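As structure tokens, the structure follows; a few thoughts come after it.
The values are calculated or read from the model by the stated rules, or taken from the named source; none is laboratory data. Keep in mind that what you see is a predicted model, and the values were worked out from it rather than measured. Note that we place each Cβ from the backbone using ideal geometry, even for glycine, and neighbour counts take in every protein chain shown. Note: accessible area is taken over every heavy atom of the protein model, side chains too, but ligands, DNA and RNA are not part of it. Shrake-Rupley method; radii C 1.70, N 1.55, O 1.52, S 1.80 Å.
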Amino acid sequence: MEKDARPNWDSPLQFVLACVSYAVGLGNVWRFPYLCQMHGGGGFLIPYLVMLFIEGIPLFYMELAIGQKMRLGSIGAWSAINPYLGGVGLASVVASVYLCLYYNIINAWSFWYLFHSFQSVLPWSNCPVNSNQTGLVEECQKATSTQYFFFRETLNTSPSIEENGGIHTGQALCLLLAWVITYLFIIHGVKSSGKVVYFTATFPYVVLIIYLIRGLTLPGAIYGIKYMFTPKMEELANPTAWINAATQIFFSLGLGFGSLIAFSSYNQYNNNFEKQAFIVSLINSGTSIFASIVTFSIYGFKATVNYENCLERTRILLLNTFDLAEDTININNVFDWIKTLNATYPEQFAELGNKLEACDLNDELDTAVEGVGLAFILYSEAIQNMPLPQLWSVLYFFMLLLLGLGSMLGNLTAITTPLRDFKILSKVSNEVLNGTLCLILMLLGLAFTTPSGNYWFTIFNEYGASFSLLFVVLVEILTVSYIYGLKRFEKDIEDMLGHRPNWYLKIMWGIVSPLLLICLFVFYIVNYIRGGTPTYQAWNKELGKTVATDYPVFGQVFIAILLASAVSCVPLSALYVYCTNRKQSNSIKNRQSVNTIST
């Protein structure tokens, strides 16, 4: 496609909103709060902010500069920098395909919960009645109503990845709806997605503000927020905290997927991407912290409810065991009565044994919940205890849906933009190309709606992009700094902006960022090797909870294929270019020899 014919964003604001809509996603709502909780709340913010400035902003800036300079997708941009590096862009496309395959199933789950929110009683609030109509489903009683609804009603999950069944019709329809809306968002390329981002990038903040106001008024919210901002300074000496902070910045900004290169390729040549890189990076990190405040206020409320329920169960147990008057014990003096009764009736008290629960608010707050467990199980559990739960449920899952769809725009653009740079596809209309891509990905994504689909989702989520993206961005920064050359890169930036990048960015590109990425890459490999057989969380209906289970051989082989497929694009593409050039060179030499002999 000719560069002069390339469409452009209607305005710089549209480009910024597209980047915000892409970068601010589900990871800000569930992954960052989990890491804060795991690494001591406020103590995690220090390495997180340090990594933002030594890794996040410089690499984000670099990808925007490459896309705007080359005005090509990831494959074309890296091929233009060096013909042997087209595989870097191809690896980005492969990683984006993997991401698109499983990411929209999360949007399907959001649709499922959203539709079920329009009921007089939220379906995850209570356990269903068993088939004999004699009581509640035993599996649900062993778990919780929210866990049962997610694992059994939503996913209909199987006991292991080796057991499968038919497609979940409800989930398949929700997935179809998610892909139809995604297609409508990108039907005309940036001309349509550019309009959509005004809504997908801003409305989630409206919901977050509403939730913040509501969250701060909930009983126990202050305990959650205090827990978040109370630093455990010993975590600063924990290398895992720094590695997780770097990884979170890396994936939260969406580096390496090719989406940023694709987005910036639609900018005007002299657009001030430098200012935009800082703005989007800070908005993304600020959103993570803001969303965590909302999450921890809800989390504090949920922990307080669980803690008070535990105290109430203990109160009733003591009243029934020691035959006391109803108003003798309340939840405020339970612990005093435990001490008194233990001292007064030691033998009778000892008979309580395991019946007496250890109620501790800090233990409730320390219980870390990651990923979909935080997004769907924990939030739905907290929502059901709020007044007007249907309202809060609709708001929350609609926000989750917009965050997911906004990220999908960037993920698909990372695929379609490089494809349209090929001459053979440049004449195909946006409607046909984008529609065909969405249809193929939707059909493949139906595998995630089967009973074992959640386990395949976990494989793609954990192994589909993480390793390959670390490798891709490492090659990118080494290429720009030491193959293309920092001085040449500085001149390109000066040509676009009228000035060269400052010393801070040059130091990060030339020294700090490459070293950090090498350390992360090595750590990932060592950690994977030392981890032994990879495991997943399988749902055990007899226990009513998930249990760690080793992947079978075919699962381990598939993981290895995922890890190697994107990374192998780089050396294989370089080998193909080398062989092609060598063949052309030999052909030219042969023709020259023939001409020499004939003369």
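Residue pairs whose Cβ atoms lie under 6 Å apart, separated by 6 or more positions or on different chains, with the first residue in segment 494-506 and within 17 Å of Asn271 (Cβ to Cβ) and touching a residue at least 40 places away in the same chain (Cβ under 8 Å) and the second open to solvent by less than 40 Å² (accessible area, probe 1.4 Å) and of a type in the set (A, V, I, L, M), are Pro501/Ile493.
For segment 541-561, which residues satisfy the criterion of being β-branched (Val, Ile, Thr) and modelled with pLDDT of 85 or more? Result: Val547, Thr549, Val553, Val557, Ile559, Ile561.
Consider Tyr34 carefully, then state whether it is among the hydroxyl-bearing types (Ser, Thr, Tyr), under 18 Å from the mean Cα position of the chain (by Cα), closer than 24 Å to Leu517 by Cβ and at pLDDT 90 or above. For Tyr34, the condition - among the hydroxyl-bearing types (Ser, Thr, Tyr), under 18 Å from the mean Cα position of the chain (by Cα), closer than 24 Å to Leu517 by Cβ and at pLDDT 90 or above - is not met. Looking at segment 218-235, can you tell me whether even one residue there is in contact with a helix residue (DSSP H, G or I) (Cβ under 7 Å, 6 or more places away or on another chain), of a type in the set (Ser, Thr, Tyr) and surrounded by fewer than 19 Cβ atoms within 10 Å (Cβ to Cβ)? For segment 218-235, residues in contact with a helix residue (DSSP H, G or I) (Cβ under 7 Å, 6 or more places away or on another chain), of a type in the set (Ser, Thr, Tyr) and surrounded by fewer than 19 Cβ atoms within 10 Å (Cβ to Cβ): present. Residues that are at pLDDT below 90 and either touching a strand residue (DSSP E or B) at 6+ places or on another chain (Cβ under 7 Å) or open to solvent by less than 30 Å² (accessible area, probe 1.4 Å) (or both) are absent from segment 441-448.
On the basis of being more than 28 Å from Phe489 (Cβ to Cβ) and at pLDDT 90 or above, does Trp109 make the cut? The answer is yes for Trp109.
Looking only at residues that are β-branched (Val, Ile, Thr) and modelled with pLDDT under 80 in segment 343-396, which one is surrounded by the most Cβ atoms within 10 Å (Cβ to Cβ)?
Val372
Within segment 453-474, residues that are closer than 26 Å to Leu85 by Cα sit with their Cβ atoms under 8 Å from residues that are crowded, with 24+ Cβ neighbours inside 10 Å and aromatic (Phe, Trp, Tyr), at 6+ positions apart or across chains, in these pairs: Ala465/Phe257; Leu469/Phe257. Considering segment 450-477, and only residues there that are open to solvent by 10 Å² or more (accessible area, probe 1.4 Å) and not hydrophobic (A, V, I, L, M, F, W, C), the residue that is modelled with the lowest pLDDT turns out to be Ser466. Counting the residues of segment 157-177 that are open to solvent by less than 80 Å² (accessible area, probe 1.4 Å), part of a loop (DSSP other than H, G, I, E, B) and within 24 Å of Lys545 (Cβ to Cβ) gives 7. Any residue at all in segment 80-96 that is under 30 Å from Tyr455 (Cα atoms) and open to solvent by 40 Å² or more (accessible area, probe 1.4 Å)? Looking through segment 80-96, at least one residue is under 30 Å from Tyr455 (Cα atoms) and open to solvent by 40 Å² or more (accessible area, probe 1.4 Å). Within segment 213-238, the only residue that satisfies the criterion of being within 12 Å of Cys36 (Cα to Cα), in a loop (DSSP other than H, G, I, E, B) and either modelled with pLDDT of 85 or more or among the hydroxyl-bearing types (Ser, Thr, Tyr) (or both) is Thr230. Just one of the listed residues (Ala566, Ala538) is outside any helix (DSSP H, G or I), modelled with pLDDT of 85 or more and open to solvent by less than 20 Å² (accessible area, probe 1.4 Å), namely Ala538. Among the residues making up segment 178-197, those that are in a helix (DSSP H, G or I) and either in contact with a helix residue (DSSP H, G or I) (Cβ under 6 Å, 6 or more places away or on another chain) or among the small types (Gly, Ala, Ser) (or both) are Ala178, Trp179, Thr182, Tyr183, Phe185, Ile186, Ser192, Ser193, Gly194, Val196, Val197. Restrict the check to segment 44-59 and report whether at least one residue is closer than 25 Å to Ile186 by Cα and open to solvent by less than 10 Å² (accessible area, probe 1.4 Å). No, every residue in segment 44-59 fails to be closer than 25 Å to Ile186 by Cα and open to solvent by less than 10 Å² (accessible area, probe 1.4 Å).
Condition (residue is without any contact (Cβ under 8 Å) to a residue 60 or more places away in the chain and under 30 Å from Val88 (Cβ atoms)) applied to segment 201-214: is it met by at least one residue? No, segment 201-214 contains no residue that is without any contact (Cβ under 8 Å) to a residue 60 or more places away in the chain and under 30 Å from Val88 (Cβ atoms). One residue stands out in segment 237-271 among those that are under 10 Å from Gln68 (Cβ atoms) and open to solvent by 10 Å² or more (accessible area, probe 1.4 Å): the one that is nearest to the chain's Cα centre (by Cα), namely Tyr266.
Taking Phe32 as the residue in question, decide whether it is aromatic (Phe, Trp, Tyr) and open to solvent by less than 10 Å² (accessible area, probe 1.4 Å). First the steps, then the outcome.
Working: aromatic (Phe, Trp, Tyr): yes; open to solvent by less than 10 Å² (accessible area, probe 1.4 Å): yes.
Here the answer is yes, as Phe32 does meet what is asked.
From the list Val522, Val547, Val567, Val553, the lone residue that is in contact (Cβ under 8 Å) with a residue 12 or more places away in the chain and among the hydrophobic types (A, V, I, L, M, F, W, C) is Val567. Looking only at segment 440-452, residues that are out of contact with any helix residue (DSSP H, G or I) (no Cβ under 7 Å at 6 or more places or on another chain) and in contact (Cβ under 8 Å) with a residue 12 or more places away in the chain come to 3 in all. Considering segment 409-438, and only residues there that are more than 19 Å from Ser265 (Cβ to Cβ) and in contact (Cβ under 8 Å) with a residue 12 or more places away in the chain, the residue that is most open to solvent (accessible area, probe 1.4 Å) turns out to be Glu431. No other residue among Arg214, Arg152 is among the basic types (Lys, Arg) and within 30 Å of Ile293 (Cβ to Cβ) apart from Arg214. Checking each residue in segment 272-316 for being under 23 Å from the mean Cα position of the chain (by Cα), of a type in the set (Val, Ile, Thr) and open to solvent by less than 20 Å² (accessible area, probe 1.4 Å) picks out Val280, Thr287, Val294, Thr295, Ile298.
Taken across segment 510-529, residues that are at pLDDT 90 or above, open to solvent by 50 Å² or more (accessible area, probe 1.4 Å) and either in contact with a Leu (Cβ under 6 Å, 6 or more places away or on another chain) or not in a helix (DSSP H, G or I) (or both) do not occur at all.
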